[in-house]
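This report concerns only the one structure given below.
What follows is calculated from the coordinates using simple rules that are stated; it is not laboratory data. Note that the structure is a prediction, hence the values are computed from the model and not measured. Cβ coordinates were reconstructed from backbone atoms using ideal geometry, including for glycine residues, and neighbour counts include every protein chain displayed.
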Amino acid sequence: MALPNYQEIVALIKKGATIEAQEKIMELREAALEYQNENLALKNAVKELKEALALRDSLEWQKPYYVRKQNPEDKFCQCCYDADGRAIRLQELERGYWRCVQCKNDYMDGNYKDPSTDFEASGRNPITGY
Ligand SMILES: [Zn+2]
């Protein structure tokens, strides 16, 4: 939207063309409102980008999940973060076995022992599997 020229409005008033001047002032007010709305939208976009950057800076990739740099015990879903930029905290269902309650993906880290091959914990024979 082109802004009405202020000098043009002054000139209209000086020559007594108040109706035209009022129309120009109304255009100016509409333009100001439009710019206010655009400014608000831009401020919100900047805020969202700053938050996304702060989140990105706070996370670190530690296969198979993201962890918070300040506290690596906070683990986040790789799938949700990479797809939507959302940091969804993982729930540890059993030692080393993590689930995202949002996308239902499961992650196993180095602490996980597969019960079917964890013969020490199961007391089963590693050769026969029974
Ligand atoms: Zn997820």
- prompt: Can you put Trp61, Trp98 in order, fewest other beta carbons within 10 Å first?
  reply: Trp61, Trp98
- prompt: Given the convex hull over the Cα atoms of the chain, what projected area results after averaging over all orientations, in nm²?
  reply: 12.6 nm²
- request: Over the alpha-carbon set of the stretch 63-130, work out the extent along each principal axis and list the three values in angstrom, largest first.
  value: 46, 24, 16
- prompt: What do you get for Rg/Rh of the stretch 6-51 when both radii come from the Cα atoms and Rh is the Kirkwood radius?
  reply: 1.33
query: What order do you get for 86-93, 17-24, 34-41, 3-10 when each peptide is scored by the mean count of other beta carbon atoms within 10 Å, highest first?
result: 86-93, 17-24, 3-10, 34-41
query: Using the Cβ atoms and a cut-off under 13 Å, what net charge is assigned to the surroundings of Leu49, where Lys and Arg are +1 and Asp and Glu are -1?
result: +1
